[in-house]
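Notes follow the structure.
The values are calculated or read from the model by the stated rules, or taken from the named source; none is laboratory data. In this text the structure is predicted, and so the values were computed from the model without any measurement. Glycine gets a Cβ as well: all are built from the backbone with ideal geometry, and neighbour counts include every protein chain shown.
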Amino acid sequence: MTRSFNFCAGPAALPTEVLEQAQQEMLDYQGSGMSIMEMSHRGKMVVDISETAKQDLKDLLSVSDDYEIIYMQGGATAQFSMIPLNLLGKNNKADFVNTGIWSQKAIQEASRYADVSIAATTESSGFTRAPEQGEINVRDDAVYLHYTPNETIGGVEFSYIPESPVPLVADMSSNILSRPLDVSRYGLIYAGAQKNIGPSGLVWVIVRKDLLDQAMETTPSIMSYALTAKNASMLNTPPSFSVYMCGLVFKWLKTQGGVAAMGEINERKAARLYNFIDQSEFFANPVAKDSRSLMNVPFTLRNSDLDKQFLAEAEAVGLRNLAGHRSVGGMRASIYNAVPERAVDALIQFMADFEKQHG
Ligand SMILES: *Cc1c(COP(=O)(O)O)cnc(C)c1O
């Protein structure tokens with residue numbers, strides 16, 4: 001068996017140890033004689049898996065008791081409508097920072113329900129930077145300010161948490177758990193699992209309890225944060241196997257030293273790759289230095305005619321999924337928690353060799 005170095009933006013690499021444990025427990029979970037996928041979600045084993053996963057996420061991010069931690073289905077995209085449905089029952093004003101493609105998707109969906117105002121946009125820079133605090137203008141009577149701390153496609157990450165006069169809502173799909181986070185600064189955090197946590201289809205939501213009483217009356221029960229929290233995320237049959245996989249990743253993160261240790265490793269990985277790109281005359285990254293993502297590193301070749309060859313040769317040596325998003329082209333290396341430092345080193349070595357041959 002050979003494991004590739006997988007730089008996919010999502011679904012993304014999972015820790016090998018986690019996959020091995022899931023493999024070992026696949027047919028007979030802890031002496032039950034069956035797989036988790038075959039068990040009642042009302043039974044003790046699945047309930048324990050679910051509660052332990054929530055508690056471990058709570059521990060990892062030091063989430064206080066002021067928040068509910070829930071998981072839901074439909075990925076991060078479903079949250080683009082669930083957030084307005086759950087928060088805009090009394091007043092429908094919602095403000096957004098637009099830093100690229102994921103911000104825009106959130107804005108577009110919220111516009112179906114909300115009176116949307118763009119608090120800041122970096123469109124004039126081609127979405128190659130995060131806005132400064134002073135550029136963000138939030139209406140005092142908005143219900144929340146939504147932003148995307150890490151634009152997965154553009155590779156733009158905020159280096160600070162915006163100050164906001166209204167509750168801050170963040171799409172952390174691609175940077176949750178990548179470094180320490182002050183959750184108390186937020187009203188709501190959500191993250192699709194398939195970048196830094198586990199299998200796709202599931203989304204984690206950390207929501208401040210005082211925001212649970214302002215849903216629109218038409219909010220479907222299965223999309224209600226309040227009902228989901230009240231029913232321990234088991235309003236209907238949950239995606240138990242995915243929750244189990246997320247739980248294994250949370251345990252793995254704890255054994256790695258938690259988000260503080262991950263943050264240091266991620267800083268090192270990103271610094272090495274950006275430094276290499278910056279000193280090269282063959283590769284380039286368009287993002288402003290203070291807005292560069294720790295997780296997603298887009299880069300271009302000076303001669304884009306060589307893109308295909310670069311990707312093919314990378315594949316041939318086990319460096320996979322380096323193509324940029326179909327909307328932007330070029331290359332992108334996603335270097336999430338589960339992508340080891342040696343994968344980044346192998347990528348840099350490959351890039352240096354490629355430059356020598358073609359530069
Ligand atoms: C991947 C991603 C999404 C979409 O996630 P789905 O689970 O496919 O809905 C949303 N926002 C960000 C920032 C992402 O990276």
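Per-structure values
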read-out	value
Checklist (1) closer than 20 Å to I83 by Cβ; (2) in contact with a strand residue (DSSP E or B) (Cβ under 6 Å, 6 or more places away or on another chain) applied to E135, failing item	(1)
Subset of region 57-81 that is without any contact (Cβ under 8 Å) to a residue 40 or more places away in the chain and surrounded by 17 or more Cβ atoms within 10 Å (Cβ to Cβ) - its residue that is farthest from the ligand (Cβ to nearest atom)	K58
Residue among S242, S200, S233 that alone is of a type outside the set (A, V, I, L, M, F, W, C), in a loop (DSSP other than H, G, I, E, B) and within 16 Å of the ligand (Cβ to nearest atom)	S200
Sole exception among (1) within 30 Å of I136 (Cβ to Cβ); (2) within 16 Å of the ligand (Cβ to nearest atom) for L14, by number	(1)
T218 being over 23 Å from Y144 (Cβ atoms), in a loop (DSSP other than H, G, I, E, B) and among the hydroxyl-bearing types (S, T, Y)	no
Enumeration of residues in region 126-154 that are within 16 Å of the ligand (Cβ to nearest atom) and in a loop (DSSP other than H, G, I, E, B)	F127, A130, T148, P149, T152, I153, G154
Selection within region 89-125 - surrounded by 15 or more Cβ atoms within 10 Å (Cβ to Cβ), part of a helix (DSSP H, G or I) and within 16 Å of the ligand (Cβ to nearest atom)	I101, W102, S103, Q104, K105, A106, I107, E109, A110
Flag if E17 is over 30 Å from A323 (Cβ atoms) and either modelled with pLDDT of 95 or more or not assigned by TED's automatic domain parsing to the domain that holds E315 (or both)	no
Some residue of region 244-265 being within 16 Å of K195 (Cα to Cα) and among the polar types (S, T, N, Q)	no
Lone unmet requirement of (1) within 30 Å of S40 (Cα to Cα); (2) buried (at least 22 other Cβ atoms within 10 Å of the Cβ); (3) within 16 Å of the ligand (Cβ to nearest atom) for D171	(1)
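Results for (1) β-branched (V, I, T); (2) closer than 30 Å to T237 by Cα; (3) at pLDDT below 95, shown as yes or no for each residue.
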{"residue": "A120", "(1), (2), (3)": "no, no, no"}
{"residue": "F127", "(1), (2), (3)": "no, no, no"}
{"residue": "D141", "(1), (2), (3)": "no, no, no"}
{"residue": "H146", "(1), (2), (3)": "no, yes, no"}
{"residue": "V156", "(1), (2), (3)": "yes, no, no"}
{"residue": "N175", "(1), (2), (3)": "no, yes, no"}
{"residue": "I189", "(1), (2), (3)": "yes, yes, no"}
{"residue": "I197", "(1), (2), (3)": "yes, yes, no"}
{"residue": "Q214", "(1), (2), (3)": "no, yes, no"}
